[in-house]
Amino acid sequence: MAKPLFEGCIFDLDGVIVDTAKYHFLSWNKLARNLGFEIKEEDNEQLKGISRVDSLEIVLKIGNYTLPQKEKLKCLKSKNDYYLEYVQKLTAKDALPGVEEFLQELKKESYKISLGSASANARGIIDKLNFTQYFHAIVDGTDVQKSKPHPEVFLRASALLQIDPKKIVVFEDAQKGIKAAHSAGCLAVGVGDPEVLSEADINIKGFKGYSMNDLIRSLSELAAK
Ligand code: B16
Ligand code: MG
């Protein structure tokens, strides 16, 4: 029997399962404005996929702003409070189009599924979407020490799924996430703008109309190269 092209999938959360990337951006911008500067949409790419603490350093750098440690802790709390205010209203209807159908297909075919997110709020958001049922493992920002592009989050998720990372497909919306997936030895599907995510093995705009057969077809083409 032919070996399966993949045995499991790891999904990033923000920007892949739900459009919370925009809420992270709005919350950072609110914080930046309090400090007297603005962050721009184009700065947002740098903030995707990395931890809250690392994001604050980048935001402060953009504003050319320095703060003592105690003030940084206050900023981290404020940003998270803003963010929680945005996400508290999330419901099952807020999942990005097609992603639930895709998860259902994987589950039906008995593929293993993990979450691999940098967010410390990931478990709460997955619960709000009623998606916990799809995951065999969840690795989030509370489980890892190192931010993407470090592969820790994906290595941990692969270990929990008990699958060789080479047999895992990671779905990511961030450049740093694609790098992290590759460093872990996984295949990476870039979800979003193919020009921004040009390092991905496969690119999709989103999950609307995307099926497991489409993934298998792309993986076969890659394997034949
Ligand atoms: P939190 P992901 C990441 O989630 C976001 O992309 C990133 O913008 C955010 O700063 C990070 O989570 C930490 O989130 O402040 O909720 O702990 O894309 O890896 O699912
Ligand atoms: Mg993301």
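The values are calculated or read from the model by the stated rules, or taken from the named source; none is laboratory data. This structure is a prediction, so every number in the text was calculated from the model and none was measured. Because the Cβ atoms are built from the backbone with ideal geometry, glycine has one as well, and the counts that use them run over all protein chains shown.
For the criterion of being in contact with a strand residue (DSSP E or B) (Cβ under 9 Å, 6 or more places away or on another chain), closer than 19 Å to Ser51 by Cα, modelled with pLDDT of 95 or more and not acidic (Asp, Glu), Gly116 passes. Residue by residue through region 149-194, note down the ones that are of a type in the set (A, V, I, L, M, F, W, C) and away from ligand 1 (no atom under 13 Å from the Cβ). Listed by number, the residues that qualify are Leu155, Ala159, Leu160, Leu161, Ile163, Ile168, Val169, Ala184, Cys186, Leu187, Ala188, Val189.
Residues that are of a type in the set (Val, Ile, Thr): which helices (runs of 4 or more DSSP H) entirely in region 1-102 hold 1 or more of them?
Details: elements: 21-35, 44-47, 52-62, 69-87.
Once the helices (runs of 4 or more DSSP H) in region 1-102 are filtered for at least 1 residues that are of a type in the set (Val, Ile, Thr), what remains is 52-62, 69-87.
Considering (1) surrounded by fewer than 15 Cβ atoms within 10 Å (Cβ to Cβ); (2) within 16 Å of ligand 2 (Cβ to nearest atom), the lone condition that Gln69 does not fulfil carries the number (2). Scan region 72-90 and give yes if some residue there is under 24 Å from Lys179 (Cα atoms), outside the structural domain of Thr142 (by TED's automatic domain parsing) and surrounded by fewer than 16 Cβ atoms within 10 Å (Cβ to Cβ), otherwise no. The answer is no, given that none of the residues of region 72-90 is under 24 Å from Lys179 (Cα atoms), outside the structural domain of Thr142 (by TED's automatic domain parsing) and surrounded by fewer than 16 Cβ atoms within 10 Å (Cβ to Cβ). If you go through region 115-165 and keep only what is part of a loop (DSSP other than H, G, I, E, B), more than 15 Å from ligand 2 (Cβ to nearest atom), among the hydrophobic types (A, V, I, L, M, F, W, C) and farther than 18 Å from Leu96 by Cβ, you end up with just Ile163.
Would you please name the residue that is farthest from Ile10 (Cα to Cα), looking only at residues in region 171-225 that are part of a helix (DSSP H, G or I) and of a type in the set (Lys, Arg)?
Arg217
From the set of residues in region 39-59 that are touching a helix residue (DSSP H, G or I) at 6+ places or on another chain (Cβ under 9 Å) and without any contact (Cβ under 8 Å) to a residue 12 or more places away in the chain, which is surrounded by the most Cβ atoms within 10 Å (Cβ to Cβ)? Looking at residues that are touching a helix residue (DSSP H, G or I) at 6+ places or on another chain (Cβ under 9 Å) and without any contact (Cβ under 8 Å) to a residue 12 or more places away in the chain, I get Glu57.
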